[in-house]
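What follows is one structure encoded as structure tokens, with my remarks underneath.
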Amino acid sequence: MNDSFATRDTLRVGHQTYEIFNLRKLNEQYAIARLPGSLKILLENLLRYEDGKTVTRDDIEALAGWDAAAEPAVEIAFAALRRSPLAATEPVAAASPPHQEWSAL
């Protein structure tokens, strides 16, 4: 996975460590604070799955520079978390903790 915007970070909660993609780091380059919460979720997803093919730096820049008044010109990818059927019988562990920073941006 790529990390073109150097947003990959770790978050330690108790004894657990989680990989996160810190929107505050992207806010240094773009005005992420103005984005609605739903677009911040999509943006974090793009940062997480950036591979240079399915999700590119241009995709991230397009969403980070979103203009509510503009006509949509770019389609973006969204990778929903999927679990295998066997995992349904196992306890569910959160992939990452809730992003409290979303409301702070």
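The values are calculated or read from the model by the stated rules, or taken from the named source; none is laboratory data. Quantities reported herein were computed from a predicted structural model and do not represent experimental measurements. Using ideal geometry, Cβ is built from the backbone for each residue, glycine included, and neighbour counts are taken over all protein chains shown.
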Matching option when the condition is of a type in the set (A, V, I, L, M, F, W, C) and on the phi > 0 side of the Ramachandran plot, among Ala69, Ala6:
Ala6
Complete set of residues in the range 43-62 that are hydrophobic (A, V, I, L, M, F, W, C) and either more than 22 Å from Leu11 (Cβ to Cβ) or surrounded by fewer than 16 Cβ atoms within 10 Å (Cβ to Cβ) (or both):
Ala62
Condition first: β-branched (Val, Ile, Thr) and under 20 Å from Tyr49 (Cα atoms). Now tell me which residues in the range 7-39 satisfy that.
Thr7, Thr10, Thr17, Ile20, Ile32
Which of the residues belonging to the range 20-51 are under 11 Å from the mean Cα position of the chain (by Cα) and among the acidic types (Asp, Glu)?
Glu44, Glu50
Give the residues of the range 31-72 that are among the hydrophobic types (A, V, I, L, M, F, W, C), in contact with a helix residue (DSSP H, G or I) (Cβ under 8 Å, 6 or more places away or on another chain) and either in a loop (DSSP other than H, G, I, E, B) or free of Cβ contacts under 8 Å to residues at least 60 places away in the same chain (or both), sorted by residue number.
Leu35, Leu39, Leu42, Leu43, Leu46, Leu47, Val55, Ile60, Leu63, Ala64, Trp66
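Which of the residues spanning the range 12-28 are under 21 Å from Ala64 (Cβ atoms) and either in a loop (DSSP other than H, G, I, E, B) or out of contact with any helix residue (DSSP H, G or I) (no Cβ under 7 Å at 6 or more places or on another chain) (or both)?
Initially, the range 12-28 is screened for residues under 21 Å from Ala64 (Cβ atoms), giving 19-28.
Hits for the range 12-28 are Glu19, Ile20, Asn22, Lys25, Glu28.
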Given the condition modelled with pLDDT of 90 or more and loosely packed, with under 10 Cβ neighbours inside 10 Å, answer yes or no: does some residue in the range 78-101 qualify?
no
